Amino acid sequence: QVLLGESGGGLVQAGGSLRLSCAASGQTFISYHMGWFRQPPGKEREFVAAISWSGGRTYYADSVKGRFTISRDNVKNMVYLQMDSLKSEDTAVYYCAATKSDTFSLGRGYAFWGRGTTVTVSS
């Protein structure tokens, strides 16, 4: 089992940047693929980005490709989401999640979730 906690959310103007962090507990963090998801107000949760256990493979939703970057530090048990060129439509609660499933790149099979951090982008 892995426990996850997100931080770094806040209010930012359109065009600005934020970096979200996700701290993971447990010595088996390196065995998990990690993902970021978001839930905009009044909408369903959606996949944003994923990274393999080694960090060697990354995947992004089309809506954030070229603007967001996912990364991880397996020594510090951390996952990050660098968000640049933010748009009002990026406003959402952002969650990190963990899985050992091979479907991680498709945004499926995530077993463990954090509580989320809120990002608000003002236009």
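The values are calculated or read from the model by the stated rules, or taken from the named source; none is laboratory data. Since we're looking at a predicted model, the values are computed, not measured. Quick note on the areas: whole protein, heavy atoms, side chains included, nothing else; ligands and nucleic acids left out. Shrake-Rupley method; radii C 1.70, N 1.55, O 1.52, S 1.80 Å.
Points to keep in mind about this one:
- Mean separation of Cα contacts under 8 Å, 6 or more apart, over the residue count of the stretch 18-123: relative contact order %: 30
- Column: log10 I(q)/I(0), Debye, Cα scatterers of the chain, q = 0.09 Å⁻¹: -0.21
- Whole-Hz ³J(HN,Hα) from phi, Karplus 6.51 cos²θ - 1.76 cosθ + 1.60, for the stretch 42-53, glycine and proline x: x, 10, 7, 5, 9, 6, 10, 7, 9, 9, 6, 4
- Once you divide the Cα radius of gyration of the stretch 19-75 by 2.2 N^0.38 Å, the number left is 1.20.
- Heavy atoms of VAL2 accessible to a 1.4 Å probe, total area in Å² rounded to 10: 10
- Taking a straight Cα-Cα cut-off under 22 Å and skipping sequence neighbours fewer than 8 places away in the same chain, the lysines within cross-link reach of LYS65 are LYS43, LYS87.
- For VAL2, nonlocal amide neighbours, meaning residues 5 or more places apart or on other chains whose placed amide H falls under 5 Å from its own, do not occur.
- Amide hydrogen proximity for LYS87: with H placed 1.01 Å from N in the peptide plane, the residues at 5 or more positions away or on another chain lying under 5 Å are GLY15.
- Taking θ as phi - 60° and the Karplus parameters 6.51, -1.76 and 1.60, the scalar couplings of the stretch 23-34 work out to 9, 10, 9, x, 7, 9, 3, 5, 8, 9, 7, 10 Hz in sequence order, x denoting glycine and proline.
- Over the stretch 1-42: Rg over Rh, Cα atoms, Kirkwood Rh: 1.06
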